[in-house]
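The values are calculated or read from the model by the stated rules, or taken from the named source; none is laboratory data. Remember, it's a predicted structure, so these values are computed and weren't measured experimentally. No Cβ is skipped: glycine too gets one built from the backbone with ideal geometry, and neighbour counts run over all protein chains shown. When the accessible area is computed, the model is the full protein with side chains, heavy atoms only, and any ligands, DNA or RNA have been set aside. Shrake-Rupley method; radii C 1.70, N 1.55, O 1.52, S 1.80 Å.
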Amino acid sequence: MKILMNAGPWLRVPPGGYGGIENVVATLVPALRRLGVEVVLASVRSSTIEADELVCVFDEGQFRDLQKPYNQVMGLAHAHQLGVVRELRSRDDIDLVHDHLEVVGPAVLSAYGGPPVLHTLHWDLRKHPAFYGNWPDSIAVNGVSDAQLARAPAELREAALGSVHLATPLADAPPLAPRGERFVVMGRICRLKGQHVAARVCQKLGLPLVLAGPVSGLDTEVELDTVVHDADHPLHGHPDVRYYLDEVRPYLDGDLVTWIGAVSGCARDLLYASARAALFPLQWDEPGGTAVVEAMALGVPPVGLRRGCLPELVDHGRTGFLADSEEELAEWVLRVDEIDPEECRREARARFSPSVMAGRYVELYEATVARRRRQRGAA
Ligand code: UDP
């Protein structure tokens, strides 16, 4: 089977730091190729992952521009997707497109009508009700958790082939670092991820906390300062920047609670692996939770609020703790050493390894091709 994997134009693959979808694609592509699937990757030219071919419109990731107003950036995703369609038009050896580009991907591919398409939903499905409530029949679709699909409009939920949990290559790695004292929140700094709650809880309990992740695509304090001091900068009033300044920064004391900016590569893995626990004080129904499965793969127990995909990923009391309120969260944080890191690692190897995810996607690719044949037969 030869597929075109559309990662979109936002970040390179692997992303070299923050990057939800690009990390998923970076995990999936090598595992699919080990199963004999040929992969043509549609991404940006700076992508370094090994694939059979690379298709791109942009040289570099366009993520920074994604934060600008819609009417200034709407052309980016469309330009990339037109490049994908041009490529598909120019050849007839692609058996299936596995698409990850939000809305623009399925909209353009359904209008084009080329090879069968499986589109993976990585988002909160209450977004885009006008589109998700009117799902194009020709596009097969899957979610990244059952909890995510439960929030979808009925039309989309009925069209879905099921959900495939996210995975991480860390599930196959040996233990990377001994457990340390610090708690970590790994993720974009934004209200949805609840860094302010983690900071409040840890400060109250006197426990060290490291916040790692970009603020609206800004990776360091210096980059952030530039934006804060430039009233004309497009990110100046961005909600994530305001959230960081108003609700997170007041807790940063340079000692107990710190923000270290975005981390990547080995530095990220070692920081995460040496955490005492990973905190997920989610303020939304997290659809997929890459950072949750990464923590478990590293033997770091996740402790979070019982929302979104968390109850599907974490078995309360065995592989982490789930709380229903901030007060309860603080109680479980204190008991985190009761969780056996080996149990977390075992669970991640069994459920969240690249080969498990790739095997599941191959099943969905076959189901997508069969579905197309049925649709053609019926027509
Ligand atoms: N991440 C990273 N460096 C950071 C913060 C996050 O490499 O400083 C990675 C994190 O390890 C995970 C991804 O970015 O692989 C975030 O994925 P998740 O699904 O948790 O969040 P979302 O896609 O909602 O932003």
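Placing unit charges on the Cβ atoms of the charged side chains and taking the dipole of the range 247-371 about its Cα centre, the candidate lying farthest along the positive direction among Val248, Ala330, Ser274 is Ser274. Along the range 187-193 the Karplus relation, 6.51 cos²θ - 1.76 cosθ + 1.60 evaluated at θ = phi - 60°, assigns HN-Hα couplings of x, 3, 7, 7, 3, 4, 7 Hz to successive residues, with x for each Gly and Pro.
Less than 5 angstrom separates the built amide H of Asp99 from those of Asn6, Leu118, His119, Thr120, all sequence-distant by 5 or more or on a different chain. With the charge dipole of the chain set up from +1 on Lys and Arg Cβ and -1 on Asp and Glu Cβ about the Cα centre, the Cα lying farthest toward the positive end among the listed residues Gly206, Val13, His229 is that of Val13. Probing with 1.4 Å while keeping every protein chain in the model, the per residue accessible area of the chain equals 41 Å². Legend: P(r) of the range 325-379 from all alpha carbon pair distances, 5 Å bins from 0, whole percents, reading 4, 15, 11, 11, 11, 10, 9, 9, 7, 6, 5, 3, 0. Computed across the range 1-129, the Kirkwood radius stands at 14.8 Å (inverse of mean 1/r, all Cα pairs). Put simply, the amide H of Trp259, placed in the peptide plane, has neighbours under 5 Å in Leu211, leaving out anything fewer than 5 places away on its chain. Helices in the chain, meaning DSSP H runs of at least 4 residues, each add -39500 (n - 2.57). Divided by all residues, the mean residue ellipticity at 222 nm is -11500 deg cm²/dmol. Applying the criteria of a DSSP loop state and at most 15 other Cβ atoms within 10 Å to the trypsin sites (Lys or Arg not before Pro) of the range 315-379 yields Arg318, Arg335. Against the empirical curve 2.2 N^0.38 Å, the C-alpha radius of gyration of the range 74-173 lands at a ratio of 1.14.
When the residues Met74, Met357 are ordered by accessible surface, computed with a 1.4 Å probe over the protein chains alone, the sequence from largest down reads Met74, Met357. Among the GluC sites (Glu not before Pro) found in the range 1-98, those both in a DSSP coil and sparsely packed, with 14 or fewer other Cβ atoms within 10 Å of their Cβ, are Glu50, Glu60. Span-like helix criteria (full DSSP H runs; alpha carbon extent of at least 18 Å along the helix axis; mean Kyte-Doolittle hydropathy of at least -1.0) are satisfied in the chain by 20-34, 70-89, 354-378. With all pairs of separate Cα atoms included, the range 234-379 yields a Kirkwood hydrodynamic radius of 17.8 Å. Extents of the range 252-320, taken as max minus min of Cα coordinates on every principal axis and listed largest first, are 33, 23, 21 Å.
Along the range 134-151 the Karplus relation, 6.51 cos²θ - 1.76 cosθ + 1.60 evaluated at θ = phi - 60°, assigns HN-Hα couplings of 9, 5, x, 4, 6, 9, 6, 8, 9, x, 10, 7, 5, 4, 5, 5, 4, 8 Hz to successive residues, with x for each Gly and Pro. Note on the chain: semi-axes of the ellipsoid equivalent to its C-alpha gyration tensor, largest first and rounded to whole Å, are 35, 24, 19. Applying a DSSP loop filter and a limit of 15 other Cβ atoms within 10 Å to the trypsin sites (Lys or Arg not before Pro) in the range 1-94 leaves Arg45, Arg91.
Take the Kirkwood radius over Cα pairs of the range 287-335, plug it into Stokes-Einstein at 20 °C and 1.002 mPa s, and you get 200 µm²/s for translational diffusion.
The P(r) of the range 107-163 has a tail past 19 Å containing 20 percent of all C-alpha pairs.
Centroid-to-centroid, using Cα positions, the range 190-216 and the range 31-110 are 34 Å apart.
Label positions at Asp95 and Lys127, each projected 7 Å from the Cα along the C-beta direction, are separated by 3.1 nm. What you get for the chain, charging only the Cβ of Lys and Arg (+1) and of Asp and Glu (-1), is a dipole of about 880 debye around the Cα centre. Geometric descriptor of the range 201-275, per residue, is 95 Å³ (volume of the convex hull of the Cα atoms).
Separation of the range 136-153 and the range 299-349 by C-alpha centroid, Å? If you average the Cα positions of each part, the centres end up 26 Å apart.
Magnitude of the charge dipole for the range 238-307, about its Cα centre and with charges confined to Cβ atoms of Lys, Arg (+1) and Asp, Glu (-1), is about 140 debye. Set against the 2.2 N^0.38 Å expectation for a compact globular protein, the range 33-80 has a Cα radius of gyration ratio of 1.42. Kirkwood radius and radius of gyration were both taken over the C-alpha atoms of the range 148-240, and their ratio Rg/Rh is 1.09. For Lys2, no lysines have a Cα closer than 22 Å to its Cα, not counting residues fewer than 8 places off in the same chain.
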